[in-house]
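K.L.:
Here you go, one structure.
The values are calculated or read from the model by the stated rules, or taken from the named source; none is laboratory data. No experiment lies behind these values; they were computed from the predicted model shown. Because the Cβ atoms are built from the backbone with ideal geometry, glycine has one as well, and the counts that use them run over all protein chains shown. Protein only, heavy atoms only, side chains kept; ligands, DNA and RNA dropped before computing areas. Shrake-Rupley method; radii C 1.70, N 1.55, O 1.52, S 1.80 Å.
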Amino acid sequence: MSFFETIFAPGAVDIMLNIGIILIKIAVVVGIVMAHVAYATYFERKVIGHMQVRLGPMRVGFHGLLQPIADFTKLFFKEDIIPANADKPIFYVAPVISLLAALSSLAVIPFFEGFVVANLNIGILFILAMSSLGAYGIVMSGWASNSKYSFLGGLRSSAQVISYEVAMGLSLVGVMIMAGSMNLTDIVKAQEAYPLKAFIFPQFLGFFVFIVAAFAETNRTPFDLPEAESELVAGYFVEYSGMRFALFYAAEYIGMIIMACLASICFLGGWNGPFEIPYVPFAWLLIKVYFFIFLYYWVRATVPRYRYDQLMGLGWKVLIPLALLNITITGLIKILV
Amino acid sequence: MNVKKIIKTVFFTEIIKGMALTLKSMFTHAVTRQYPEEKRPAMPGFRGMHAFVRDPETGREKCIACGLCAAICPSQCIYIYTSEGPDNKKVAERYEIEVLRCIYCAFCVEACPVGAIALTEHFEYSDYSRDALYMDKERLLSNWDKYMAGPRGEEYFKKFWHPVSADFQAYDGQPVFKRG
């Protein structure tokens, strides 16, 4: 069989077509998410600025709208400094792991009916696994930098992620019980029968636990101990500069977007809304995700950082019992009703 | 823990209060002043770049080369070289201020018996070389023409730089500084 026959064999064409479609989908998703990441940094500075009665970026372009492009250009052309005593292979690979874990979570998120890169049956599990993989990037960068500040940041992060992973996983169990599936598309469809097409009312406890755990999972204020600017300079990525720093930064913001997507899909009904918005199937998801991202900024502008023992206490003594209570109640109702 | 405190903890009353405050302040006007575009007007009595007051009668400086400004200057940045001018008067042949060393205390203005030196409202004079900020007599006079000439200078003179000796009534025979 010649090369062309192999390519144009009846089954092969389908496979190639599928691969092509998947590649296009990946390109679209990554492109859109990267654009959102760039402008998430801009709007974060803008929103927090206005909350602190400042203006935020104003110089680059109209009201600073070109700021992310300027930032990216600057980071791209900056010198890539590697500390002399750094563990080089690990130092190189850590930001890549962080970004990779964050980006691969995007594969299972359904943006609207039928648009998902990989319609995985274990979507939630996959996202949880990827978010804990991201912690490896943090721990490795903290270790490889050979600096006490980044090491402390890495340690704090690993402890924090392990603690809050549990609470986050448990808070999603209620959703899984109600939907009877771990597939995110199925979860959205299961919510259509509920008031406002959302799980938020029966699962308010799970929603609360999930939101708090998501803040901790993405290392955002008030749980930003791994990168506590005022005590650890920048935490685990102090020693990184230029593009490697940008990779960590992008991973953090993609993590935020994923958590916002997950909250919208699992608790607020994903692409379904109280009424239909014509021609824009992803409009409701976008609105919900923007709200959650705004919430991240809003909380960052308001709430001071938790102390380390308070953080651990909240995770283990409050959130996990609450999540367990939620599972028990949801399970009992599911059995009895 | 009483009931009130439990309710407060469970419903995050305080955090919600704080969030309401930040949301509210998000929609208030920012206090930032966009400096190069939005300039703040100089307050009266502002002490900026130095100038030599140009005497409207003679069209030259009022300086009588007494050297009091140089003597009182805390940072010693005024240099005066005197010589004998026409009709045996003492004149400042060179009068130079090293602006980079000046601390803008305006002691020179206070010390001047004839009100010859002034501090203008001009403060944006950064430059790339030291020479550009080394003022000689001609540049000091041109500073006056640029920033203080006309009614503004007169008003400043009345309010802030009026020499103390001008109101001072001396008895006969007491040595005083006089122009002319």
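K.L.:
Evaluate the following for A:Leu232: is it open to solvent by less than 10 Å² (accessible area, probe 1.4 Å) and of a type in the set (A, V, I, L, M)?
P.N.:
Considered against the rule, which asks whether it is open to solvent by less than 10 Å² (accessible area, probe 1.4 Å) and of a type in the set (A, V, I, L, M), A:Leu232 comes out as yes.
This table checks each residue for (1) of a type outside the set (A, V, I, L, M, F, W, C); (2) within 10 Å of another protein chain (Cβ to nearest Cβ); (3) open to solvent by less than 70 Å² (accessible area, probe 1.4 Å); (4) touching a Gly at 6+ places or on another chain (Cβ under 7 Å).
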{"residue": "B:Lys5", "(1), (2), (3), (4)": "yes, no, no, no"}
{"residue": "B:Lys17", "(1), (2), (3), (4)": "yes, yes, no, no"}
{"residue": "B:Ala30", "(1), (2), (3), (4)": "no, yes, yes, no"}
{"residue": "B:Tyr35", "(1), (2), (3), (4)": "yes, no, no, no"}
{"residue": "B:Lys39", "(1), (2), (3), (4)": "yes, no, no, no"}
{"residue": "B:Asp55", "(1), (2), (3), (4)": "yes, no, yes, no"}
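K.L.:
For residues that are open to solvent by less than 50 Å² (accessible area, probe 1.4 Å) and either of a type in the set (S, T, N, Q) or touching a Lys or Arg at 6+ places or on another chain (Cβ under 8 Å) (or both), tally how many sit in region B:122-139.
P.N.:
The qualifying residues number 2.
K.L.:
Still on this structure: For A:Leu205, only one of the following conditions fails: (1) in a loop (DSSP other than H, G, I, E, B); (2) open to solvent by 20 Å² or more (accessible area, probe 1.4 Å). What is its number?
P.N.:
Single failed check for A:Leu205: (1).
K.L.:
Here are some conditions: (1) in contact with a helix residue (DSSP H, G or I) (Cβ under 8 Å, 6 or more places away or on another chain); (2) farther than 22 Å from A:Glu217 by Cβ; (3) open to solvent by 70 Å² or more (accessible area, probe 1.4 Å). A:Phe151 meets all but one. Which one does it not meet?
P.N.:
Condition (2) is where A:Phe151 drops out.
K.L.:
Hey, B:Phe11 hits all of (1) more than 21 Å from B:Tyr156 (Cα to Cα); (2) of a type outside the set (S, T, N, Q); (3) open to solvent by less than 60 Å² (accessible area, probe 1.4 Å) but one; which does it fall short on?
P.N.:
(3)
K.L.:
Okay, next question. Taking the condition more than 21 Å from A:Leu196 (Cα to Cα), open to solvent by 50 Å² or more (accessible area, probe 1.4 Å) and either assigned to a helix (DSSP H, G or I) or assigned by TED's automatic domain parsing to the domain that holds A:Phe43 (or both), does A:Ile320 pass?
P.N.:
Considered against the rule, which asks whether it is more than 21 Å from A:Leu196 (Cα to Cα), open to solvent by 50 Å² or more (accessible area, probe 1.4 Å) and either assigned to a helix (DSSP H, G or I) or assigned by TED's automatic domain parsing to the domain that holds A:Phe43 (or both), A:Ile320 comes out as no.
K.L.:
If you don't mind, there's one more thing I want to ask. Pull up region B:41-53, narrow it to residues that are assigned to a loop (DSSP other than H, G, I, E, B) and open to solvent by less than 80 Å² (accessible area, probe 1.4 Å), then point me to the one that is nearest to the other protein chains (Cβ to nearest Cβ).
P.N.:
Going through the qualifying residues, I end up with B:Ala42.
K.L.:
Now for a separate question. Within region A:303-317, track down each residue that is open to solvent by less than 70 Å² (accessible area, probe 1.4 Å), part of a helix (DSSP H, G or I) and in contact (Cβ under 8 Å) with a residue 24 or more places away in the chain.
P.N.:
A:Leu311, A:Met312, A:Leu314, A:Gly315
K.L.:
Among helices (runs of 4 or more DSSP H) lying entirely in region A:227-302, which contain 1 or more residues that are within 14 Å of another protein chain (Cβ to nearest Cβ)?
P.N.:
Those helices (runs of 4 or more DSSP H) span A:283-302.
K.L.:
Run down A:Phe267, A:Phe282 and say which single residue is farther than 23 Å from A:Gly142 by Cβ, modelled with pLDDT under 85 and either touching a Phe, Trp or Tyr at 6+ places or on another chain (Cβ under 7 Å) or of a type in the set (D, E, K, R) (or both).
P.N.:
After ruling out the rest, the residue left standing is A:Phe282.
K.L.:
Then there is this: Counting just the residues of region A:53-73 that are small (Gly, Ala, Ser) and within 12 Å of chain B (Cβ to nearest Cβ), which one comes out nearest to A:Tyr39 (Cα to Cα)?
P.N.:
Looking at residues that are small (Gly, Ala, Ser) and within 12 Å of chain B (Cβ to nearest Cβ), I get A:Gly64.
K.L.:
Scan region A:164-173 and tell me whether some residue there is at pLDDT below 85 and in contact with an Asp or Glu (Cβ under 8 Å, 6 or more places away or on another chain).
P.N.:
no
K.L.:
Among the numbered criteria (1) over 22 Å from B:Gln76 (Cβ atoms); (2) hydroxyl-bearing (Ser, Thr, Tyr); (3) open to solvent by 50 Å² or more (accessible area, probe 1.4 Å), which single criterion is violated by B:Tyr156?
P.N.:
(3)
K.L.:
Right, A:Ser141: assigned by TED's automatic domain parsing to the domain that holds A:Gly206, at pLDDT below 85 and crowded, with 24+ Cβ neighbours inside 10 Å or not?
P.N.:
Answer is no for this residue.
K.L.:
OK, next. Just checking, which of B:Lys137, B:Lys158, B:Lys146 is at pLDDT 80 or above and over 24 Å from B:Lys39 (Cα atoms)?
P.N.:
Being at pLDDT 80 or above and over 24 Å from B:Lys39 (Cα atoms) holds for just one of B:Lys137, B:Lys158, B:Lys146, which is B:Lys137.
K.L.:
Moving to a separate point now. Answer yes or no: is there a residue in region B:58-72 that is crowded, with 16+ Cβ neighbours inside 10 Å, more than 14 Å from chain A (Cβ to nearest Cβ), out of contact with any strand residue (DSSP E or B) (no Cβ under 6 Å at 6 or more places or on another chain) and closer than 19 Å to B:Asp145 by Cβ.
P.N.:
Yes, the conditions are met somewhere in region B:58-72.
K.L.:
Looking at region B:80-95, which of its residues are open to solvent by 60 Å² or more (accessible area, probe 1.4 Å) and assigned to a strand (DSSP E or B)?
P.N.:
B:Tyr81, B:Thr82, B:Glu84, B:Lys90, B:Glu93, B:Arg94
This table checks each residue for (1) of a type outside the set (A, V, I, L, M); (2) touching a Phe, Trp or Tyr at 6+ places or on another chain (Cβ under 8 Å); (3) surrounded by fewer than 16 Cβ atoms within 10 Å (Cβ to Cβ); (4) in contact (Cβ under 8 Å) with a residue 24 or more places away in the chain.
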| site | (1), (2), (3), (4) |
| --- | --- |
| A:Met58 | no, no, no, no |
| A:Val96 | no, no, yes, yes |
| A:Val108 | no, yes, no, yes |
| A:Ile122 | no, no, yes, yes |
| A:Tyr136 | yes, no, no, yes |
